Structures are given as C-alpha cells and as structure tokens.
Amino acid sequence: MNIVHRILLRDLAARLGCQLRGGGDIEITGVAGLEQAGPTELTFLANPKYAPKVKHTHAAAVLVSEPLPEPGPASVISANPYHDFARALALFYQPPRPAPGIHPLASIAATSQIGQGASIGAFAVVGENVSIGRNAILHPHVVIYEGARIGDDFQAHSHAVVREYCRIGDRVILQNGVVVGGDGYGFAKTSVGTHFKIVQSGVAVIEDDVEIQSLTSIDRATVGETRVKRGAKIDSLVQVGHACVVGEDNIICAQTGLAGSSILGKNVLLAGQVGVSGHLTIHDNAIVYAQSGIGGDVKAGAVVSGSPAFDSRDWLRAITVFQKLPELLRTMRQLEKRLEQLESARNPSP
C-alpha cells in the first residue's frame, strides 16, 4: 500500500468508495478522533450518541452514515464509518517494516526452513525443524521452539514465543510477550497430598488471520489441541486454557480467562474481565458483558451479564433493585412490626 501525506477530499472519498457532500477541494493530511481532529483532518461518527460532539469538531470532514446538516464539516457518507475510518488511517500510516534479511545476531537452526522475504531481528531464535512461510517478520528476541509450523506473512513482536510443535496459519500477528503453546495448568494430586505435573503433550493451533495482543497466553492441550479459529482477535492479558476452542471471528477483550475445555462458537464477544469456568459451550453470536462469570452453557445469540451471568436485561433490573435492598429491608421490618401491632390490637392477651 502506498502511504499518502496529503490528498484531496474528493480523491480520498473515491478511494474509500464513499459519497461526498461538500469540501471536495480540501486537502486532507491525516485522520483523528472527533475532539482531536484539525481543519485538514478526517474524523468519523459511528455511534449516534456522540452526534452532539460533531458541532464542536474542527475536522475538515466526517465519515458518517447520513449527511450532516449544513453549515458544518463535509460529509463522507459510508455504510460503515468505523471500517472506512480504519481504511483511511491505513492510507496515511503503516508501522515500519524491517528490511528482509537475517540479523547476524539471530540464531537459526540449520534444520529450519525460512520462506523468502523474511526479516529476522537480533537475538531472535528459531529452533530445530521449524518451518516458517514467506514474508515473516520476527522482531528481536522472538523465540520459535523446535518443530513449530508457521504460515505466510507471520509477524511476531519482541518477546513473543511459539512453543514446540505448535501450528500457526497465514497472516497471524503476535504482539509483544504473547506465548503460544505454554504448558496447560495440569497437576494430579498424589496420595501424600503433593502435586504431580501432568505432561502437556498436545499443541496449540492458531488459524489464519488471528491477532493476539500483548502478554496473552494460549496454553497447549494436555492431549489433543487448543485451537483459535480463523479471524479471532484476542486482547491483552487474556488466558486461554488447555483444550479450549476459540471460534471464528471471536472478540475477546482484556483480562478475560477461559478455563480448560471451554468452547466458543462463531462471533462470540467476551468483554473485559469475563471469567469462564470451563467444560462448557458459549454458542454462536453470544455477547457476555464485562466482569461476568460464566458457569454454564450460554445459548446462541444470548446477551448475558453478572456473576453468575444471566440475561442482561434482567441483570440490569436486578442491579437497580440491589442498590435499594437496605431501604427495602428497613421498610419490610417496619411493616412486619406494624402488622404485629395490628394483630395484637385485634387479639389482646387474656
């Protein structure tokens, strides 16, 4: 992709496949948020609740689903403003890409196979019998253990680790400190009460187009495999336990934990700090709100909250009542006392 430094708004709209209302001759030099954008920048409005902020923006143009009222910034009309904002941002900025080649301070086993166009940084280590496809980028201090199989266009940032015999598809990105295939948390209690380590003989499999953010762990299975399916996006500080399945196009937000053998269907969204107890299934298109605790299966399309989690609408009603419980308890006790007084007045003691 050719990075642009400035472009006429009409040409930018054409490249995005969007309609334009006004301002075609404005020169755009970048993109920014509604509150930060300047008079030569493009911004976006994807959520209607932020619409009042448009009147205060200094942006030259706004990506919107419906034209803005005049006078005001130019409207770049998009069916998906957030997606087109991301596309526009990529036109103006791409992270630096290291030049192809293997740094002399990298350690590459003689039995490994590295595809064409690879860039391998200083102190990166590639173990015995590893296979890596074309155009890989291994930043400094990346470690690939023995027998790993990795596809094309792989990118691993510093201190990412792929453990022995794990398999990774095409166009996978591992951010800093990700561990793919670390030992699952498995111990057997002995007759004298000590803990015997269970060998984690399985692997972790990461399918195509997955991105895993910093300091996240995808554990290898005790037997069989842990699998992250195509297109899943996993945030920082997430724990995926052994033998879990993360479904296609899942979104898993920060500080979420999946205990062993959790199964997630397609298009599942887990917000931040969700805990999943394991050996259960969260079915397709379910949404779990932040800080929820999942102790059983979640139906397809369900939206749940709370710990233990249940339907989010009921949870919102329940949490409103919960704050009033002390007041309700006082009222109930007053009513009980009043009823006792009325009962005594009707039936005086002999």
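The values are calculated or read from the model by the stated rules, or taken from the named source; none is laboratory data. Note that the coordinates shown come from a computational prediction; the quantities given were computed from them, not determined experimentally. Note that we place each Cβ from the backbone using ideal geometry, even for glycine, and neighbour counts take in every protein chain shown.
Per-structure values
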{"read-out": "Enumeration of residues in the stretch 211-231 that are within 16 Å of Glu164 (Cβ to Cβ), out of contact with any strand residue (DSSP E or B) (no Cβ under 6 Å at 6 or more places or on another chain) and not polar (S, T, N, Q)", "value": "Ala221, Val223, Gly224"}
{"read-out": "Filter result (of a type in the set (Val, Ile, Thr) and in contact (Cβ under 8 Å) with a residue 24 or more places away in the chain) within the stretch 41-61", "value": "Thr43"}
{"read-out": "Search result, residues across the stretch 3-28 that are touching a residue at least 60 places away in the same chain (Cβ under 8 Å), in contact with a Leu (Cβ under 9 Å, 6 or more places away or on another chain) and not in a helix (DSSP H, G or I)", "value": "Ile3, Val4, Ile7, Cys18"}
{"read-out": "Number of positions in the stretch 156-171 that are crowded, with 24+ Cβ neighbours inside 10 Å and either touching a Gly at 6+ places or on another chain (Cβ under 6 Å) or farther than 8 Å from Val142 by Cα (or both)", "value": "3"}
{"read-out": "Wholly within the stretch 165-223, strands (runs of 3 or more DSSP E) carrying at least 1 residues that are within 22 Å of Ala259 (Cα to Cα) and β-branched (Val, Ile, Thr)", "value": "179-182, 203-206, 217-219"}
{"read-out": "Any chance Asp249 is within 11 Å of the chain's Cα centre (by Cα), assigned by TED's automatic domain parsing to the domain that holds Thr281, at pLDDT 95 or above and acidic (Asp, Glu)", "value": "yes"}
{"read-out": "Qualifying residues in the stretch 301-317 (those that are in a loop (DSSP other than H, G, I, E, B) and surrounded by 15 or more Cβ atoms within 10 Å (Cβ to Cβ)) - the one modelled with the lowest pLDDT", "value": "Ala309"}
{"read-out": "Those residues of the stretch 62-91 which are in contact (Cβ under 8 Å) with a residue 40 or more places away in the chain, out of contact with any Lys or Arg (no Cβ under 9 Å at 6 or more places or on another chain) and surrounded by 14 or more Cβ atoms within 10 Å (Cβ to Cβ), in sequence order", "value": "Leu63, Pro73, Ser78, Asp84, Phe85, Leu89"}
{"read-out": "The one condition in (1) in a helix (DSSP H, G or I); (2) more than 30 Å from Asp152 (Cβ to Cβ) that Glu35 fails to fulfil", "value": "(1)"}
{"read-out": "Output for the stretch 214-233, where each listed residue is β-branched (Val, Ile, Thr) and within 18 Å of Asp284 (Cβ to Cβ)", "value": "Val228"}
{"read-out": "Given (1) surrounded by 13 or more Cβ atoms within 10 Å (Cβ to Cβ); (2) in a loop (DSSP other than H, G, I, E, B); (3) at pLDDT below 85, number of the condition Asn285 does not satisfy", "value": "(3)"}
{"read-out": "Selection within the stretch 155-164 - within 11 Å of Ile144 (Cα to Cα) and either among the basic types (Lys, Arg) or not in a strand (DSSP E or B) (or both)", "value": "His159, Ala160, Arg163, Glu164"}
{"read-out": "Residues of the stretch 147-200 classified as touching a Lys or Arg at 6+ places or on another chain (Cβ under 6 Å) and among the acidic types (Asp, Glu), total", "value": "2"}
{"read-out": "Hits in the stretch 266-282 - residues which are in a strand (DSSP E or B) and of a type in the set (Gly, Ala, Ser)", "value": "Gly275"}
{"read-out": "Test result for Gln94, under 31 Å from the mean Cα position of the chain (by Cα), surrounded by fewer than 17 Cβ atoms within 10 Å (Cβ to Cβ), of a type outside the set (Gly, Ala, Ser) and closer than 30 Å to Ala136 by Cα", "value": "yes"}
{"read-out": "Filtered residues of the stretch 224-237 (kept if touching an Asp or Glu at 6+ places or on another chain (Cβ under 8 Å) and either acidic (Asp, Glu) or part of a strand (DSSP E or B) (or both))", "value": "Thr226, Arg227, Val228, Lys233, Ile234"}
